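**Q** I'd like to ask some things about the structure below.
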Amino acid sequence: MSRNRGFSLTFVIVALILVGVGMFVLAGNSNVMLFYADKAYVQAVERNLTASGLAWVRAKVSSDPNLPAGEPVELDVSAFGCPSARLAVQILDVQDGKARARIDTSCSKGRNTLHVSRDCAVAIP
């Protein structure tokens, strides 16, 4: 009788060790998946910020085509749901049918931070 108890106890201990090793491996893999999911989220928010900046430039220049180049304008980005997001747009110059603008975006989530500054040309309708 005691011999069966010893085997059962050893079996339970080995099973618990295997479960612990499995949990350790799965926790590491889930952290990697979370990192890449946050990275994809930050990239998507950056693309949306850039598109919003270009739409703002198009609307601003359409309403006043003789708009002089000026200082960067910080736009409200609270609708994006990313508390650390930032969008600054500076109109560089406006020429016949085109406007050039510098769009600075910044957003972060978790360990992923993305700062992008790019010059874009926008066709004016």
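One line per residue, one yes/no per condition, for (1) more than 30 Å from Ser108 (Cα to Cα); (2) open to solvent by 100 Å² or more (accessible area, probe 1.4 Å); (3) aliphatic (A, V, I, L, M):
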site: Arg5; (1), (2), (3): yes, yes, no
site: Thr10; (1), (2), (3): yes, no, no
site: Ile13; (1), (2), (3): yes, no, yes
site: Val21; (1), (2), (3): yes, no, yes
site: Leu26; (1), (2), (3): no, yes, yes
site: Gly53; (1), (2), (3): no, no, no
site: Ala59; (1), (2), (3): no, no, yes
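**Q** Under 6 Å by Cβ, and 6 or more places apart or on different chains, what pairs join a residue from the range 38-53 that is free of Cβ contacts under 8 Å to residues at least 24 places away in the same chain with one that is surrounded by 15 or more Cβ atoms within 10 Å (Cβ to Cβ)?
**A** Listed pairs, sorted by first residue: none to list.
**Q** Ok, one more. Can you give me the number of residues within the range 66-121 that are outside any strand (DSSP E or B) and more than 18 Å from Tyr41 (Cα to Cα)?
**A** 10
**Q** I've got another one for you. Quick check on my filter: what residues within the range 32-51 are over 8 Å from the mean Cα position of the chain (by Cα) and buried (at least 16 other Cβ atoms within 10 Å of the Cβ)?
**A** Passing the criteria: Asn48, Leu49, Thr50.
**Q** I'd like the residue in the range 77-121 that is more than 15 Å from the chain's Cα centre (by Cα) and among the β-branched types (Val, Ile, Thr) and, out of all such residues, is most open to solvent (accessible area, probe 1.4 Å).
**A** Val94
The values are calculated or read from the model by the stated rules, or taken from the named source; none is laboratory data. Because the structure is predicted, anything quoted here is derived from the model rather than measured. Note that we place each Cβ from the backbone using ideal geometry, even for glycine, and neighbour counts take in every protein chain shown. Just so you know, the surface numbers come from the protein's heavy atoms only, side chains and all, with ligands and any DNA or RNA stripped out. Shrake-Rupley method; radii C 1.70, N 1.55, O 1.52, S 1.80 Å.
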